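The values are calculated or read from the model by the stated rules, or taken from the named source; none is laboratory data. Keep in mind the model is a prediction, meaning the values are calculated, not measured. Using ideal geometry, Cβ is built from the backbone for each residue, glycine included, and neighbour counts are taken over all protein chains shown.
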Number of protein chains: 2
Amino acid sequence: MKPVPNEVVEKQLEWRYATKVFDSAKVIPEADWKTLERALVLTPSSFGLQPWKFFVVTDPAKRALLKPASWGQSQIVDASHLVVFAIRKNLSVSDIERFVARTAEVRGTTVESLESYKQMMVGSLTNPSIDINAWASRQVYIALGFFMATAAMLGIDACPIEGFEPAKYDEILGLPALGYGASVVAAAGYRSSTDKYATLAKVRFKAEDVIAHI
Amino acid sequence: MKPVPNEVVEKQLEWRYATKVFDSAKVIPEADWKTLERALVLTPSSFGLQPWKFFVVTDPAKRALLKPASWGQSQIVDASHLVVFAIRKNLSVSDIERFVARTAEVRGTTVESLESYKQMMVGSLTNPSIDINAWASRQVYIALGFFMATAAMLGIDACPIEGFEPAKYDEILGLPALGYGASVVAAAGYRSSTDKYATLAKVRFKAEDVIAHI
C-alpha cells in the first residue's frame, strides 16, 4: 500500500508555486503548522548533525522591520508564517559533542561508546579544507526543500526567499549573539486571489534537459 | 479538503531514514520512478533558474566504478536507483538566456518582453561578490530535500550521500565536458531487512532546541 498516491504527489508539486501575494487574512491552522515544524525537525542532514535553527517570526513589529531588509517584499508581512532558516555559525567540536550526547540519550547508550563516531565527524568537519559555514548553508537548503514539499502536500502555499539582507536579518533578530546566521527564508500561508503568478504556467526545463540517464 | 492528511505526512517523514543497506533485488517501479523524476524537475530554485542536472546512473559498470569513489558504500551499487545531483558549473549569461527563452516559450511571450527580468538576474548573479558555484550547490540541496520528502511520501527508501569524491565522480561520469559538477548523491530503493539502522531510534534535537518563536 502506497502512503500517498503518485497522482496526489505530482498534483501537489505542480500546484505549488512561489507565492508572491498572500491572503493576509488567512492563518495556517495550528495542527498544520505543527506538521510543518515537525518536517523541519525531521529534515535529514549530513551526519545527522542538524547545523541549524529555524526562527519562526510571529511578532508583527519584527516582521515589519524585516520587510525593508527584504527588498520590500509583501510576503514578509502578509504571509501567515515566516521562517528564517539559520545556520549554526562556525560549527565546532562542542556542537558535535552536543549531537553525540543527544544520540546517546535517544538511543540509550553511552557517549563513550560513540567516541569513534564522534572522532570521524570531528575529522571530517574540522578539516581546514572544509568551509564549515558553506557546508551548513547547504544543509539548511535541504530543510528548505523538505519544508516546501511538505507544505505542498498539506495544500499550504509557500515562497522561498533569497532576496533579503542576511546581515540585517541577523541584527534585527539578534542571531549573532545566539551563534546563528540567517541563510534563507520561507513565507507560508495561502495565496491571494489577486496573485497573478498563481495562474501563470510553471516554467521548468524539459525533463530531458535536466535529467540524464547514464 | 487537505490533499494529504497530517498524520500521513508525519508518519512518512518519521518512517524515512538514511538507508544504509538496500535490498538489491527490489527495483522501484517505473511509475514511481517517474514521480520522483517529476519531483526533481519541479523543484523550486532561486529565480527559477534550475542551475542543475540530475544524472541517474543505471549502468552497473559505472556504479561499480563509483563505489570505491564513495568510501566503498554498498548503497552505490545495491540501491535500485542512484542519482548524482550536479550543478551547472560557472553559470553564465548564456544559461540565464536559455532560461529566459524557456520562459518565453512556456508562457507564450517574447524574449524581448522579459529583458528587464533577464537584466535583474544577470545583475544579481554576475556580481563579483557572488560565489556562483556555491550558490548553485545550495540550490541543488533544495532538490535533494524535495527528492527525499517525495520518496518518503511514496514509501520509497533513500539515502543522501555526501561521502564521495566529487572529482572522481566527475571524471567517471564525464561531467566536466558537459559543464556540470557532482554536488551530492542520493540512492533510492528499498531497505534490506538486514539494515540495523532501520530500527534504531531517529536522532533529532528536541523541537524547542531547533525551533525558536520570535
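If you filter the range B:124-139 down to residues that are within 15 Å of B:VAL93 (Cα to Cα) and of a type in the set (Gly, Ala, Ser), you find that the one that is surrounded by the fewest Cβ atoms within 10 Å (Cβ to Cβ) is B:SER124. Exactly one residue out of A:LEU154, A:LEU178 is more than 20 Å from A:GLY72 (Cα to Cα), at pLDDT 95 or above and touching an Asp or Glu at 6+ places or on another chain (Cβ under 9 Å): that is A:LEU154. The set of residues in the range B:9-41 being touching a Ser or Thr at 6+ places or on another chain (Cβ under 6 Å) and either β-branched (Val, Ile, Thr) or at pLDDT below 95 (or both) consists of B:VAL9, B:VAL21, B:VAL27, B:ILE28. If you go through the range A:108-129 and keep only what is under 11 Å from A:GLU97 (Cα atoms) and not charged (D, E, K, R), you end up with A:VAL111, A:LEU114, A:TYR117, A:GLN119, A:MET121, A:VAL122. Do we have A:SER45 as in contact with a helix residue (DSSP H, G or I) (Cβ under 8 Å, 6 or more places away or on another chain) and crowded, with 17+ Cβ neighbours inside 10 Å here? Yes; evaluated as a whole, the condition is true for this residue. Selection of the range B:191-202 for residues being out of contact with any helix residue (DSSP H, G or I) (no Cβ under 9 Å at 6 or more places or on another chain) and either within 13 Å of another protein chain (Cβ to nearest Cβ) or without any contact (Cβ under 8 Å) to a residue 24 or more places away in the chain (or both) yields B:LYS196, B:TYR197, B:THR199. Scanning the range B:31-42 turns up no residue that is more than 20 Å from the chain's Cα centre (by Cα) and among the charged types (D, E, K, R).
Here is the figure for the range A:63-77: residues that are among the charged types (D, E, K, R) and crowded, with 19+ Cβ neighbours inside 10 Å total 1.
In this structure, B:PHE205 does not qualify as crowded, with 19+ Cβ neighbours inside 10 Å and either of a type in the set (Phe, Trp, Tyr) or without any contact (Cβ under 8 Å) to a residue 60 or more places away in the chain (or both).
Conditions tested, residue by residue: (1) on the phi > 0 side of the Ramachandran plot; (2) among the small types (Gly, Ala, Ser); (3) surrounded by fewer than 17 Cβ atoms within 10 Å (Cβ to Cβ).
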position: B:VAL122; (1), (2), (3): no, no, yes
position: B:TYR141; (1), (2), (3): no, no, no
position: B:ALA149; (1), (2), (3): no, yes, no
position: B:TYR169; (1), (2), (3): no, no, no
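All of A:VAL83, A:VAL77, A:VAL57 fail the test of being within 27 Å of A:MET148 (Cβ to Cβ) and touching a His at 6+ places or on another chain (Cβ under 9 Å), apart from A:VAL57. Among the residues of the range A:26-55, the one identified as touching a strand residue (DSSP E or B) at 6+ places or on another chain (Cβ under 9 Å), more than 7 Å from every other protein chain (Cβ to nearest Cβ) and among the charged types (D, E, K, R) is A:LYS26. Listed by position, the helices (runs of 4 or more DSSP H) contained in the range B:56-168 that have at least 3 residues being more than 12 Å from every other protein chain (Cβ to nearest Cβ), more than 25 Å from A:GLU10 (Cα to Cα) and out of contact with any strand residue (DSSP E or B) (no Cβ under 6 Å at 6 or more places or on another chain) are B:93-107, B:115-125.
The set of residues in the range A:8-25 being surrounded by fewer than 16 Cβ atoms within 10 Å (Cβ to Cβ) and either more than 9 Å from every other protein chain (Cβ to nearest Cβ) or not in a helix (DSSP H, G or I) (or both) consists of A:SER24, A:ALA25. Being in a strand (DSSP E or B), within 30 Å of A:ILE211 (Cα to Cα), among the aliphatic types (A, V, I, L, M) and more than 7 Å from chain A (Cβ to nearest Cβ) holds for only one residue in B:ALA177, B:ALA182, and it is B:ALA182.
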